Amino acid sequence: MEYNFKELEAKWKKYWADNNVYKVNVDQSKPKYYVLDMFPYPSGAGLHVGHPLGYIASDIFARYKRLNGFNVLHPMGYDAYGLPAEQYAIQTGQHPAITTDQNINRYHEQLDKIGFCFDWSREVRTCDPIYYKWTQWAFTMMFNSFYCNSCQKAQPIEKLIKHFETEGTQNLDIAQSEELTFTAAEWNAKSEKEKQETLMNYRLAYLGETMVNWCPKLGTVLANDEVVDGVSVRGGYPVVQKKMRQWCLRVNAYAQRLLDGLQTIDWSESIKETQKNWIGRSEGTEVQFSVKDSDVKFTIFTTRADTMFGVTFMVLAPESDYVAQVTTADQKAAVDEYITYVKKRTERDRISDRKVTGVFTGSYAINPFTGEAIPIWVSEYVLSGYGTGAIMAVPAHDSRDYAFAKHFNLPIIPLIEGADVSEQSYDAKEGIVSNSPRAGVKPYIDFTLNGLTIKEAIAATKKYVKEHNLGRVKVNYRLRDAIFSRQRYWGEPFPVYYKNEMPYMVPADKLPLELPEISEYKPTEDGQPPLGRAQMWAWDEKNGKIVDKALVDNKTIFPLELNTMPGFAGSSAYYLRYMDNKNEEALVSKEANGYWKNVDLYVGGSEHATGHLIYSRFWNKFLFDMGVSSTEEPFQKLVNQGMIQGRSNFVYRIKDTNTFVSLNLKDQYDVTPIHVDVNIVSNDVLDLEAFKKWRPEFETAEFILEDGKYVCGWAVEKMSKSMYNVVNPDMIVEKYGADTLRMYEMFLGPVELSKPWDTNGIDGVHKFLKKLWRVFDGGLVEAKADAKELKSLHKAIKKITSDIENFSFNTCISQFMILLNELGDLKCNKKEIFEPVVVLLTPFAPHIAEELWHQMGHDTTVLDAAWPVFDEKNLVESSFNYPISFNGKTRFMLELPLDMDKAAVEKTVLENEQTQKYIDGKTIAKVIVVPGKIVNIALKG
RNA sequence: GCUCGAAUGGUGGAAUCGGUAGACACGAGGGACUUAAAAUCCCUUGGCUUCACGGCCGUGCGGGUUCAAGUCCCGCUUCGAGUACCA
């Protein structure tokens, strides 16, 4: 009988569903293992062959773990909020929930065809109120928390209020937007509104006036990772900087823990490196400078405290509050003009032309180390968002300061012995300090750095600065707080209402606050977000419910927040929800979380390195502080699957004709390459009839063939509809079956590697499955396996087991092919051998494995079988092939027992007949024997 | 610019600790079966050289360490990824 994959796959799909084979429950008697995929955003285009790559890899691992006796949690769900559904809704007026639902159904159908072992009863959808209730809940928890630096933990805001009431800001070391100082008396004298405003400075979820990436075309704010090269990632629209009042998450407070945690998790070095850079820890010194003839003082941040004696000017960021304070009357016009110019420049302009610009403020600062008066400038190369928004410029040892100094003709003082700064600055942190202070200049303070290394000089300066109250040692992080407001409809509504213009949280027991219906999905005419159109969108504080916004009286009924949450809100804690997705009392029960803990293996794309993978780590650390999550890190091991690119095919039309010429003859003509649908091309050979039917203009096409075939050209491009290179997994499943698709996707190469999809090789794995099928079709026999057969089998068990552990699935499949070839050569059809083979195959080709398992007389699922145990004894590795070399050149191989000692090997080799031939009367100068490796004989003469 | 990673046949890719480079597969060539096709099976397939046995050269380039280097070290080249005025 033929290998009828269609029938067989349908049969087992039904069996698995009917018997709830993939349903898992907490089971204390078994060890747990949690395998998670990054859940997809269900787009309208459906899945292409690139999407399942990671899912197949994780599915293999999940099945492997299950066969090894683990209780495996392997869920799937949908990241259902997103821009495409909303934009479609704006165009068509259809509710985004409808489109989203349709897309989810299509995804589900496609996923099911591939035979994944997902426990669908645990599915989550981020747009489902019973799910986003907990997203909202976590947000209110963050609102009601602050971060304590000394105990490195989030704490309830009540604790902070108590502290303010008794001590004011004394003895506080906490994360904050700006440094505030007030006494207990001052705090107690504040009005309720003032108190609320003050608390905003500390809350982990806070309303902040921030510079945001505003995308006018999309009408919304974007996170830093949603903007690339000054345009939006989705849509590619220009993005400008704009100051807005937005919800923010104080991610920066967790910077150190996010950095430290990287050492405890098993992620690729490159992703860890990316996150390290993104967090951007830098240790430095804050130094205070006073302004000449003024009481104004300002603070700068530097990592090069050793260069205090080489400061020749100061620079403020254009947005800095100090600018207005230090600008003199006669420079005001020039400064104002400059600031106007900077405001007009977009992020994009700054990236494209990096020209030196700036303006003098008219004021001078006093260098606390030299007493010199140095000019204060304003320039866009200093950023307001980092450090203090002000720098001391040391042109001799900083290339940006150098460029500025050269452009505006400011002095440059070298501070390192032998540093030549005539052409460029000397940025390296190596060398001996000089000119600090300069020879012949009367010292302003009793302090010198001359003769020290840079490292020593930095330490000495830090010490001096601290002792003399000139500043302090400071660690800065580049990681910015996450902007959490989006001016969109299709997202989680904030559980926030405004009383006296200050935000208040909807009580936790009233959640979820459901997304209201609106008539149109675009922003309102007066520029409010879409939720401004919702009629039923006001909060009745007394009765705890949503009411008509016409009733707002600002006494008991208040307006609700009009923004919604960003895409990363729903995806930040979803892994916890899978553990207990129906719980209405908690995000996850203690029992479920106590058992499943965190994700053991997380598979997904590396493009989330600075987005989702930072936010969810932050979110989880917060929940850990709250005692909700039992583990500090959410994802223990991370594997990044590569992208599958498209492999486009071309036909070559002779200009101004309807004649197409085959690839290798095209140079004889003047041709235009035309993309052709890869689905009517097989092994780069065009199906002529299908081509004629493909599009009406090709109906009359004529062909110039080579060897009776039309050969197409090809190129690697992004997989997209317009290149006609999208390969749909359904079509592969239809033609070859799900098992072939699964094996082939793995066979393409290492999971981590990006590679073009190339259907050409798929016959290879399909042939393997057909061959395997034929062995069973011929019938198995009950007979004792011999040593050779056992050796083949155990070699495979060893290799496949270790390769799965190492996530090297392509070599597993090679090993299967080798195994089948070897067993074929041995004419082996013994059940004793093939039974473990079927179990080994289960993770890769579950349908055929299940069928063969049952054909062998088992009546439970193959997933209940046990992974074959590797037995060293069966690998008759009792001997080793020694390469025998003369004068370093390998001449022949000699098989010797492994357990022979060095002396015995040497003796045997020297007495060997072939060795004698090579020695042939010559003197042996040296014999090198490395047991189990090599014998090298050096000859003299 | 900085950080990280990669480079192996016509193609995708193997090679655990430095130990027979090119496993496995695709493609290509030849053959068997067949009226024919499909399917299946067998042989060849890194380059050069030799009637043949064999020999020589070969893992981006140039050096080095070693009995032995795709693998380790130094210096380049090219490509990819991340990041970008972060003081």
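Below are the figures for this structure:
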{"item": "Enumeration of residues in region A:819-836 that are more than 16 Å from RNA strand B (Cβ to nearest atom) and in a helix (DSSP H, G or I)", "result": "A:831, A:832, A:833, A:834, A:835, A:836"}
{"item": "Selection within region A:560-585 - without any contact (Cβ under 8 Å) to a residue 24 or more places away in the chain and part of a loop (DSSP other than H, G, I, E, B)", "result": "A:583, A:585"}
{"item": "Residues that are surrounded by 13 or more Cβ atoms within 10 Å (Cβ to Cβ) and out of contact with any helix residue (DSSP H, G or I) (no Cβ under 8 Å at 6 or more places or on another chain), drawn from region A:686-701", "result": "A:688"}
{"item": "Check on residue A:468, out of contact with any Cys (no Cβ under 9 Å at 6 or more places or on another chain) and either open to solvent by 50 Å² or more (accessible area, probe 1.4 Å) or more than 13 Å from RNA strand B (Cβ to nearest atom) (or both)", "result": "yes"}
{"item": "Residues (open to solvent by less than 20 Å² (accessible area, probe 1.4 Å) and not hydroxyl-bearing (Ser, Thr, Tyr)) located in region A:55-70", "result": "A:56, A:57, A:59, A:60, A:61, A:62, A:63, A:67"}
{"item": "Residues located in region A:472-487, provided they are within 9 Å of RNA strand B (Cβ to nearest atom) and in a strand (DSSP E or B)", "result": "A:476, A:477"}
{"item": "Residue within region A:313-321 that is at pLDDT below 90, open to solvent by 50 Å² or more (accessible area, probe 1.4 Å) and away from RNA strand B (no atom under 16 Å from the Cβ) present", "result": "no"}
{"item": "Selection from region A:613-636 of residues that are part of a helix (DSSP H, G or I) and hydrophobic (A, V, I, L, M, F, W, C)", "result": "A:613, A:614, A:618, A:619, A:622, A:623, A:624"}
{"item": "Count of residues meeting criterion [in contact with a helix residue (DSSP H, G or I) (Cβ under 7 Å, 6 or more places away or on another chain), open to solvent by 10 Å² or more (accessible area, probe 1.4 Å) and under 30 Å from residue A:835 (Cβ atoms)] in region A:71-109", "result": "1"}
{"item": "Single match in A:698, A:691 (criterion: touching a Lys or Arg at 6+ places or on another chain (Cβ under 7 Å) and of a type outside the set (S, T, N, Q))", "result": "A:698"}
{"item": "In region A:253-287, the residues that are away from RNA strand B (no atom under 14 Å from the Cβ), closer than 27 Å to residue A:462 by Cβ and open to solvent by 80 Å² or more (accessible area, probe 1.4 Å)", "result": "A:263"}
{"item": "Positions within region A:299-311 being open to solvent by less than 10 Å² (accessible area, probe 1.4 Å) and within 13 Å of RNA strand B (Cβ to nearest atom), in sequence order", "result": "A:300, A:305, A:306, A:307, A:308, A:310, A:311"}
{"item": "Count of residues meeting criterion [open to solvent by 10 Å² or more (accessible area, probe 1.4 Å) and either basic (Lys, Arg) or out of contact with any Cys (no Cβ under 7 Å at 6 or more places or on another chain) (or both)] in region A:21-49", "result": "20"}
{"item": "Listing of strands (runs of 3 or more DSSP E) fully contained in region A:206-305 that carry 1 or more residues being aromatic (Phe, Trp, Tyr)", "result": "A:240-249, A:281-291, A:297-302"}
{"item": "Residues satisfying the stated conditions in region A:677-724, i.e. closer than 11 Å to residue A:651 by Cβ, modelled with pLDDT of 80 or more, within 16 Å of RNA strand B (Cβ to nearest atom) and not aliphatic (A, V, I, L, M)", "result": "A:710, A:712"}
{"item": "Count of residues meeting criterion [of a type outside the set (Lys, Arg), touching a Phe, Trp or Tyr at 6+ places or on another chain (Cβ under 8 Å) and either at pLDDT 90 or above or not in a strand (DSSP E or B) (or both)] in region A:637-653", "result": "2"}
{"item": "Extreme residue, surrounded by the most Cβ atoms within 10 Å (Cβ to Cβ), among residues of region A:769-818 that are outside any helix (DSSP H, G or I) and within 14 Å of RNA strand B (Cβ to nearest atom)", "result": "A:807"}
{"item": "Residue in region A:694-717 that is part of a loop (DSSP other than H, G, I, E, B), within 22 Å of residue A:754 (Cβ to Cβ) and among the aromatic types (Phe, Trp, Tyr) present", "result": "no"}
{"item": "One residue from A:648, A:589, A:606 being surrounded by fewer than 23 Cβ atoms within 10 Å (Cβ to Cβ) and touching a strand residue (DSSP E or B) at 6+ places or on another chain (Cβ under 7 Å)", "result": "A:606"}
{"item": "Close pairs (8 angstrom Cβ cut-off, 6 or more residues apart or separate chains): more than 21 Å from residue A:296 (Cβ to Cβ) in region A:376-388, small (Gly, Ala, Ser) and more than 7 Å from RNA strand B (Cβ to nearest atom) anywhere", "result": "A:380/A:358; A:381/A:358"}
{"item": "Every residue from region A:358-367 that is more than 16 Å from RNA strand B (Cβ to nearest atom) and either among the acidic types (Asp, Glu) or open to solvent by less than 30 Å² (accessible area, probe 1.4 Å) (or both)", "result": "A:361, A:362, A:363"}
{"item": "Residues that are under 18 Å from residue A:804 (Cα atoms) and of a type in the set (Asp, Glu), drawn from region A:20-60", "result": "A:37, A:59"}
{"item": "Matching residues, region A:39-72, being assigned to a loop (DSSP other than H, G, I, E, B), closer than 27 Å to residue A:758 by Cα and not aromatic (Phe, Trp, Tyr)", "result": "A:40, A:42, A:43, A:44, A:45, A:46, A:47, A:48, A:49, A:50, A:51"}
{"item": "Subset of region A:598-612 (residues that are modelled with pLDDT under 95 and assigned to a loop (DSSP other than H, G, I, E, B))", "result": "A:605, A:609, A:610, A:611"}
{"item": "Total residues in region A:404-434, condition assigned to a loop (DSSP other than H, G, I, E, B), modelled with pLDDT of 90 or more and within 16 Å of residue A:393 (Cα to Cα)", "result": "7"}
{"item": "Those residues of region A:530-559 which are open to solvent by 10 Å² or more (accessible area, probe 1.4 Å), in a strand (DSSP E or B) and of a type outside the set (Lys, Arg), in sequence order", "result": "A:540, A:546, A:547, A:557, A:559"}
{"item": "Lone unmet requirement of (1) away from RNA strand B (no atom under 15 Å from the Cβ); (2) on the phi > 0 side of the Ramachandran plot for residue A:389", "result": "(1)"}
{"item": "Residue A:902 away from RNA strand B (no atom under 12 Å from the Cβ), modelled with pLDDT under 90 and touching a Gly at 6+ places or on another chain (Cβ under 7 Å)", "result": "no"}
{"item": "Conditions (1) at negative phi; (2) open to solvent by less than 50 Å² (accessible area, probe 1.4 Å); number of the one not met by residue A:243", "result": "(2)"}
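The values are calculated or read from the model by the stated rules, or taken from the named source; none is laboratory data. Being a predicted model, the structure only gives us computed values, none of them experimental. Counting neighbours? That spans all protein chains shown, and the Cβs are built from the backbone with ideal geometry, glycine included. The area values use the complete protein model at the heavy-atom level, side chains included, leaving out ligands, DNA and RNA. Shrake-Rupley method; radii C 1.70, N 1.55, O 1.52, S 1.80 Å.
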